[in-house]
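What follows is a single structure, written as structure tokens, with notes after it.
The values are calculated or read from the model by the stated rules, or taken from the named source; none is laboratory data. Just so you know, these numbers come straight off a predicted model, no measurement behind them. Note that we place each Cβ from the backbone using ideal geometry, even for glycine, and neighbour counts take in every protein chain shown. Just the protein is used for accessible areas: all its heavy atoms, side chains included, with ligands, DNA and RNA removed. Shrake-Rupley method; radii C 1.70, N 1.55, O 1.52, S 1.80 Å.
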Amino acid sequence: MASRPLTLYEKVWAAHVVERRDDGTCLIYIDRHLVHEVTSPQAFEGLRAAGRRVRRPDLTLAVPDHNLPTTARVDAEGRELPIADAESATQLSALRHNVSEFDVPYIDALAAEQGIVHVVGPEQGFTLPGTTVVCGDSHTSAHGALGALAFGIGTSEVEHVLATQTLLLSPSKTMEVRVEGKLGFGVSPKDVILAIIGRIGAAGGTGYVIEYTGNVIREMSVEGRLTVANMSIEAGARAGMIAPDDTTFAYIKGRPMAPKGADWDKAVAWWRSLASDPGATYDRTVIIDAAEIAPALTWGTSPEDVVSITGTVPAPDSFADASKREAAQKSLDYMGLTPGTRLQDVPVQHVFIGSCTNSRIEDLRAAAAVADGRHVADGVRAMVVPGSGLVKRQAEAEGLDRIFVTAGFEWREPGCSMCLAMNPDKVPPGERCASTSNRNFVGRQGPGARTHLLSPAMAAAAAVTGHLADVRELMG
Amino acid sequence: MEPVRTVSGKAYPWGAKNVDTDVIIPAHWLKTITRAGLGRGAFETVRAQPGNVFDDPDYAGSPILIAGDNFGCGSSREHAAWALGDMGIKAVIAPSFSDIFSGNAFKNGIVPVVLPQEAVDRLVEVAKTDEVSVDLETMTVTTPFQDRFPFSLDPFRRQCLMEGLDEVGLTLARDTAISKYEAMLDEHRPWIAGESNARTVVEGAGRT
Ligand code: SF4
């Protein structure tokens, strides 16, 4: 049977269909399930209440990240320090209890490998090309950078996967986002994904799985690709995928949970077959010229509110659509910004370098390169939060921690930190944060907090200048 | 799960667009380990404003919420659906929903009703004074004024809602098919469950 050319997404989907129903929904097998402390307690509670077990603990990996304070976790004698917030402590101990009761592989808060789920998965080789990866966290889309079909799920689905290792899903539409050309000086993967979201809009990807293609994506490191795929959800897409290639395989090889020996060769052969076939068609294609992407940041409270660092705060009138005008006005009120202000004149009080979007070693190197030999401006609190304990160690081996600390940054323990206002790292009301995270929603970094999303290098530039700044002016 | 066949009563005539999950339930409410009690945190930032629709005694306890485009965007947190459920909401009417939110709503017995913007505008007007009814039998939203707006739902999800079926139980009944798939997986993609995965990791000093 001659088959039509297929996309990466269609191939991975087809390889995971357990059963197809008449209405087109499919029971899809889940290869990899990441679990953290916030969205799992009620799922384990549900299993317990129904007397059910975890079907495939071996395909599951649990790690705490959202609630953990990013201050020291043990005292001088190596004893675990208590967590001050009672509810956080309860969630964290519920996870410990649940993984032990249900026999789920677990990386404890005190283990060197602990980190943000979406950093740990790829780092451990748990995330693999052509797998289905789920987690009760919307930025699970990050794992698509390795060619996985990866998406966030809710707690009932967490329970469903724990019990059955499957999910009932309808196929998504496909969108190709092709980034071609040559990126300008000082333009990072974060700027690429911000440009994409700015172009297609925060709901532009709803109902789609995006495949990122083009030479700019192919030439990116896996870490850069993780940053791009991570924010697919901010464009409304269910997932974002990048075809696995030699860059991907080199990244995975030798990681603790990656296939080995004969399995490795077999796996790579299969992974190579997953790239979209020539002539495969997408429901929608968006083409972006790399030359048009500048170091960018958000000005408002939606990730689509993207502007070049050389730009000004837009006037609500500049939007054609009435609801967009209204939203812009609200955003400006919340953000405390006046139309026409040059973004580079906007002072910041906080800088956060971290989150599953930008807390890997390359991110820290990029920020350190800007921080090196400079000092955090007066009145700015700047923190660097590595995405995992292994990233932290690596950075320390490279001396990046010294650069940051000498420059006046805080060097902290791994976790979600200031990405969301759930652990002690928060931005106070009315204060402004240059943040490498992925969400600038109202209240995301704390009630009343004002968030500008940008790249690690741009965040470091804001820290040392005390205002939003064009990193190109600080680069050699 | 309680079966849902009709949802009738007062409706919050809100209509706000792009209501994200941080607005539905702010992150600091996510620290719970049970499903109950989140209604107290629902729309906390909206409720902080005087004259908001949720604290208006006219609408207290309404089983229906009317909202604008892209309701439930943002995070995958199911706490958003639990919070709505805990405040007594059984149906949300909007022109569009985020994918993840509508999935979570279904699983918690909340009907996400998609209607065109004009119909939503009309219902916002009606709801200021009168009741609204969502009927899963006839798949229509009606008002006391002869308004009749048809909507559609995935047939399987509709059946689950109407019969109060538990999805996990339904899937566990497909065990033979799942086991067959796993046998295929072991043969063709042995690295998925490969030994290299089993228990490589990693119990920290603090495991209890
Ligand atoms: S860093 Fe932020 S976005 Fe990423 S998993 Fe943690 S809370 Fe979610």
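Summary of values
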read-out	value
When residues of the stretch A:56-92 are limited to those that are outside any loop (DSSP other than H, G, I, E, B) and charged (D, E, K, R), the one nearest to A:HIS118 (Cα to Cα)	A:ASP58
Residue match in the stretch A:8-16 (condition: assigned to a loop (DSSP other than H, G, I, E, B) and under 25 Å from A:ARG272 (Cβ atoms))	yes
Single unsatisfied condition, A:LEU128 versus (1) within 8 Å of chain B (Cβ to nearest Cβ); (2) of a type outside the set (Val, Ile, Thr); (3) open to solvent by less than 10 Å² (accessible area, probe 1.4 Å); (4) assigned to a helix (DSSP H, G or I)	(4)
So A:VAL306, is it touching a residue at least 12 places away in the same chain (Cβ under 8 Å), among the hydrophobic types (A, V, I, L, M, F, W, C) and open to solvent by 20 Å² or more (accessible area, probe 1.4 Å)	yes
Residue, surrounded by the fewest Cβ atoms within 10 Å (Cβ to Cβ), within the stretch A:68-82, restricted to residues that are within 11 Å of another protein chain (Cβ to nearest Cβ) and modelled with pLDDT of 90 or more	A:ARG79
Selection status of A:PRO386, surrounded by 15 or more Cβ atoms within 10 Å (Cβ to Cβ) and under 30 Å from B:GLY68 (Cβ atoms)	no
Output for the stretch B:156-165, where each listed residue is surrounded by fewer than 17 Cβ atoms within 10 Å (Cβ to Cβ) and over 30 Å from B:GLU125 (Cα atoms)	B:GLN159, B:GLU163, B:GLY164, B:LEU165
Verdict on A:GLU410 being free of Cβ contacts under 8 Å to residues at least 40 places away in the same chain and not assigned by the TED database to the domain that holds A:ASN230	yes
Among (1) surrounded by fewer than 22 Cβ atoms within 10 Å (Cβ to Cβ); (2) assigned to a helix (DSSP H, G or I); (3) touching a residue at least 24 places away in the same chain (Cβ under 8 Å) - the single one A:ALA112 does not satisfy	(2)
From A:GLY254, A:GLY205, residue being assigned to a loop (DSSP other than H, G, I, E, B) and surrounded by fewer than 19 Cβ atoms within 10 Å (Cβ to Cβ)	A:GLY254
Yes/no for A:HIS16 being more than 9 Å from every other protein chain (Cβ to nearest Cβ) and either open to solvent by less than 10 Å² (accessible area, probe 1.4 Å) or acidic (Asp, Glu) (or both)	no
Residue among A:GLY236, A:GLY261, A:GLY224 that alone is touching a residue at least 60 places away in the same chain (Cβ under 8 Å) and either within 19 Å of A:VAL119 (Cα to Cα) or not hydrophobic (A, V, I, L, M, F, W, C) (or both)	A:GLY224
Residue that is farthest from the chain's Cα centre (by Cα), among those in the stretch B:9-43 that are in a helix (DSSP H, G or I) and surrounded by fewer than 19 Cβ atoms within 10 Å (Cβ to Cβ)	B:HIS28
Among (1) surrounded by 21 or more Cβ atoms within 10 Å (Cβ to Cβ); (2) within 14 Å of chain B (Cβ to nearest Cβ), the one test that A:LYS190 misses	(2)
Restricting the stretch A:420-448 to residues that are of a type in the set (A, V, I, L, M) and within 11 Å of chain B (Cβ to nearest Cβ), the residue that is nearest to the ligand (Cβ to nearest atom)	A:LEU420
Selection count where residues are surrounded by fewer than 18 Cβ atoms within 10 Å (Cβ to Cβ) and not in a loop (DSSP other than H, G, I, E, B), scope the stretch B:143-155	3
Test: residue in the stretch A:42-51 that is open to solvent by less than 10 Å² (accessible area, probe 1.4 Å), among the polar types (S, T, N, Q) and under 30 Å from B:PRO155 (Cβ atoms)	yes
Conditions (1) under 23 Å from A:SER232 (Cα atoms); (2) part of a helix (DSSP H, G or I): number failed by A:ALA463	(1)
Extreme residue, farthest from A:LEU474 (Cα to Cα), among residues of the stretch A:342-360 that are crowded, with 24+ Cβ neighbours inside 10 Å and away from the ligand (no atom under 15 Å from the Cβ)	A:HIS350
Output for the stretch A:361-375, where each listed residue is in contact (Cβ under 8 Å) with a residue 40 or more places away in the chain and either more than 23 Å from A:LYS426 (Cβ to Cβ) or open to solvent by less than 10 Å² (accessible area, probe 1.4 Å) (or both)	A:ILE361, A:GLU362, A:LEU364, A:ALA366, A:ALA367, A:ALA368, A:ALA369, A:VAL370, A:ALA371, A:ARG374, A:HIS375
Tally of residues being within 10 Å of another protein chain (Cβ to nearest Cβ) and closer than 20 Å to A:PHE44 by Cβ across the stretch A:104-120	7
Residue list for the stretch A:88-109, restricted to those being within 16 Å of the ligand (Cβ to nearest atom) and either open to solvent by 10 Å² or more (accessible area, probe 1.4 Å) or under 13 Å from A:VAL35 (Cα atoms) (or both)	A:GLN91, A:LEU92, A:LEU95, A:ILE107, A:ALA109
Residue ID - nearest to the ligand (Cβ to nearest atom), chosen from residues in the stretch A:135-155 that are facing chain B (nearest Cβ under 9 Å) and not in a loop (DSSP other than H, G, I, E, B)	A:HIS139
Conditions (1) farther than 15 Å from A:VAL18 by Cβ; (2) charged (D, E, K, R); (3) surrounded by fewer than 16 Cβ atoms within 10 Å (Cβ to Cβ); number of the one not met by B:LYS180	(1)
Selection within the stretch B:44-64 - at positive phi and either open to solvent by 60 Å² or more (accessible area, probe 1.4 Å) or within 9 Å of chain A (Cβ to nearest Cβ) (or both)	B:GLY51
Index of the failed condition, A:GLY121 passing every other in (1) assigned to a helix (DSSP H, G or I); (2) within 30 Å of A:ALA49 (Cα to Cα); (3) away from the ligand (no atom under 14 Å from the Cβ)	(3)
Qualifying residue in the stretch A:156-163 (condition: outside any strand (DSSP E or B), at pLDDT 95 or above, under 24 Å from A:ARG272 (Cα atoms) and open to solvent by less than 10 Å² (accessible area, probe 1.4 Å))	no
In the stretch A:19-39, residue nearest to the other protein chains (Cβ to nearest Cβ) [restricted to those that are farther than 21 Å from A:LEU149 by Cα and not β-branched (Val, Ile, Thr)]	A:ASP23
